[in-house]
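Everything below concerns the one structure shown next.
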Amino acid sequence: MGRTGQDASGGAWPGFADPADALRIEGLRKSFGAHEVLQGVDLAVAPHEVICLIGASGSGKSTLLRCVNLLETINAGTIWLDGQVITGPGVNQNLVRRHIGIVFQSFNLFPHMTVERNVTLAPMKVLGLSRAEAAGRAAELLGRFGLADKRADYPDRLSGGQQQRVAIVRALAMRPRLMLLDEVTSALDPELVADVLDVIRELAEGGMTMLIATHEMGFARDIASRVCFLADGQIVEQAPPAQLFSQPSDERTQRFLRRITDAGRM
Amino acid sequence: MEAQGLPDLSARHSRILGTGGRRGLVLSTTSTVVVLAVLVVLFLLAPGSREVRHTFFNPTDMWHAFIGDPKLGYYSIGEALWLNIRMFVVAEILILILALVVAVIRQSTGPVLLPLRVVSTVYVDVARGVPLILIIFAIGFGAPALELRIISSQSAAVYGVAALVLSYSAYVSEVYRAGINSVHRSQVAAARSLGLPAWTSMRYVILPQAIRNIIPPLLNDFISLQKDTALVGLLGSIEANKAAELYSDATFNYSSYAVAAILFLILTIPLARFTDHLIARDQARRLAGAGQ
């Protein structure tokens, strides 16, 4: 627990020293066996900021999100949520997770429950809402994202895009302070991507603090307050999208963006 | 023994009836009747057939064994079967509960539960590794010998059920465990990421999906359990098998065993067909799901 903001390295971004950070990560390391996926990640996210994480497959974007949600046990480093340490011993993980919503690439809806039950389960069992309160919260969110008529359906009756929007609604029903989106459009057919991106855009406009791992460069350029490029287990470059996409300074970023451009994905 | 009609791609496929349309049905029915008739004729003409029929399938003996006559020293197998059914139902309910508890403990990860995990693992290893009949004898003859007030004064059927529960819960807990492991890890991640505690996500997210996956193997174990209630007769309970034995002791005719066998079949075959039906339905659902 010896780490404080004072000895933080790599504090190039001005927001890094701000005590009012919504999320702050310092020296985060995570290994799977002998393979160290995250090799000292530092990141600070201000309230209402939308951060897009880009990088090649296997660069650690998903792992970083899963560490923030405490789904992975980290090997070193500290994470703060709204100024409170959420890593290390003595932390109530269930309490922390209430405040951090995560949406996965493969939706991970509960297949044996209706859409409504998917959305109301956690508010009822975790927050102690009554069935009526939880159903009201679900109806409001489902309505807002064009899913009102899917309330009683089971997930396998929905398209991928609808399932992913339900997954977003399920996370939002907990009224999280921070949303983590893990390549949420990667498993979708191309024509369904736009619907989901619109939902995320709406969340950003509503002021939701978000950490988004994505391969959609156009979307990242559109929506991000800041884009972070991950390589070799670290954030090697971070900047507002206009700057990062047009004048990347790190050689690895330049190579990555060139490959994306060559593949026609920009 | 099934006839194969002309290939007809539109025909519905059934494992028992085989492929083919109306023509296939006619062919399969005819061949079934012919084959059965041949088997019956062979049985009737075989050397020693008369003796076999007299000893095992004598209608008069079968009827007497079925209705019983305590004055002549034997009991109704039909009534005795009722004890098998009661033992089966009670044992099944207790097994479903005990096995679930054992499985959930073995799947737990909390450091505090380690001693319980060790106990559960040892229990499963021992109960699966020891012959059922040994457990039945150990409890059925051992418990009365303890001369403890409540434990030693139960009926043989109670000891029998206790032994069945001990043995079968170990097997069924492994079935549960397989079911829990069959639910994808991403479901656990999704549940826990919403802040659901471990037990709540087990209760509402994992177990409902796990149990759906294991209904066929569970029913398979219960078919086996229905038959194994006959072993309790070894402790002196008048269940169907014991009643059949008493009849043959009194009359030197073994048709009573045929009666008991038929009664057990009447119990187990519907359960077996129901299991097949569930497996087929599950396969259809998986195919439909994969088609999306």
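What follows draws every value from the coordinates through simple rules; no lab data is involved. Treat the numbers as computed from the prediction; the structure is a model and nothing was measured. Cβ placement follows ideal geometry from the backbone for every residue including glycine, while neighbour counts extend to all protein chains displayed.
The share of alpha-carbon pairs in chain A lying farther apart than 22 Å comes to 56%. Inter-label distance, residue A:127 to residue A:246: 4.2 nm, where each label sits 7 Å from its Cα along the C-beta direction.
Evaluated with a Cβ-only charge set (Lys, Arg +1; Asp, Glu -1), the protein assembly as shown carries a dipole of roughly 460 debye about its Cα centre, given to the nearest 20.
Express the Stokes-Einstein translational diffusion coefficient of the stretch B:64-290 in µm² s⁻¹, to the nearest whole number, given a Kirkwood radius over alpha-carbon pairs, 37 °C and a viscosity of 0.692 mPa s.
After rounding, the answer is 166 µm²/s.
Helical runs (DSSP H, four residues minimum) scored at -39500 (n - 2.57) apiece and divided by the length of chain B put the mean residue ellipticity at 222 nm at -24500 deg cm²/dmol. Summing charges over neighbours of residue A:180, with a neighbour being any other residue whose Cβ is under 14 Å away from its Cβ, gives +3 when K and R count +1 and D and E count -1. For the pair residue A:95 and residue B:82, a Förster radius of 51 Å applied to the C-beta separation gives a FRET efficiency near 0.40, rounded to the nearest 0.05. Based on C-alpha pairs under 8 angstrom that are at least 6 apart in sequence, the stretch B:64-290 has a relative contact order of 29 percent.
Could I get the Rg over Rh figure for the protein assembly as shown? Both from C-alpha atoms, Rh via Kirkwood, rounded to two places.
On the Cα set of the protein assembly as shown, Rg over Rh gives 1.13.
To the nearest ten degrees, helix A:190-205 and the longest principal axis of the Cα atoms of chain A are 80 degrees apart.
Estimated from the Cβ-Cβ distance and a Förster radius of 41 angstrom, the FRET efficiency linking residue B:54 and residue B:89 is about 0.65. For the stretch A:184-259, build the charge dipole from Cβ charges (+1 Lys, Arg; -1 Asp, Glu) around the Cα centre, then report which of A:217, A:249, A:200 sits farthest towards its positive end. The Cα lying farthest towards the positive end belongs to A:249. Charge tally for residue B:120 (other residues, Cβ to Cβ under 13 Å; Lys, Arg +1; Asp, Glu -1): +2. Between the alpha-carbon centres of the stretch A:212-250 and the stretch A:48-92 there is a gap of 18 Å.
Give, rounded to the nearest 20 debye, the magnitude of the charge dipole that chain A has about its Cα centre when Lys and Arg contribute +1 at Cβ and Asp and Glu contribute -1 at Cβ.
The calculated dipole for chain A is roughly 620 debye.
For a label point 7 Å from the Cα of residue B:283 along Cα→C-beta, name the residues of the stretch B:195-228 whose backbone N is under 15 Å from it. Residues B:216-217 qualify, since their backbone N sits under 15 Å from the label point. Would you tally the net charge around residue B:253, using a Cβ to Cβ cut-off of less than 13 Å, leaving residue B:253 out, and scoring K and R as +1, D and E as -1? Summing Lys and Arg as +1 and Asp and Glu as -1 gives -3.
Scaling the Cα radius of gyration of the stretch A:78-204 by the globular reference 2.2 N^0.38 Å produces a ratio of 1.08.
Computed from the Cβ-Cβ distance with R0 of 30 Å, the FRET efficiency linking residue B:249 to residue B:155 stands at 0.85. Extending 7 Å from Cα along the Cβ direction at residue B:112 and again at residue A:258 yields two label points whose distance is 5.8 nm.
Each of B:181, B:98, B:121 was scored by the projection of its Cα onto the charge dipole of the protein assembly as shown, and the greatest displacement toward the positive side belongs to B:98; charges sit on the C-beta of Lys, Arg, Asp and Glu.
According to the square roots a ≥ b ≥ c of the eigenvalues of the Cα gyration tensor, what is the shape class of the stretch B:134-263, taking rounded for a/c under 1.5, prolate for a/b larger than b/c otherwise, and oblate for the remainder? Display every interim value, and only then the final one.
Details: a/c = 4.88, a/b = 2.05, b/c = 2.38.
It comes out oblate by the Cα gyration axes.
Applying 0.36 nm per residue to the separation of residue B:212 and residue B:42 and subtracting their alpha-carbon distance, the gain on full extension is 56.7 nm.
When the charge dipole of the protein assembly as shown is built from unit charges on Cβ atoms (+1 for Lys and Arg, -1 for Asp and Glu) and taken about the Cα centre, the candidate among B:77, A:35, B:108 whose Cα reaches farthest toward its positive end is B:77. Maximal additional length on extending the residue A:152-residue A:202 stretch stands at 15.5 nm, based on 0.36 nm per residue less the C-alpha distance.
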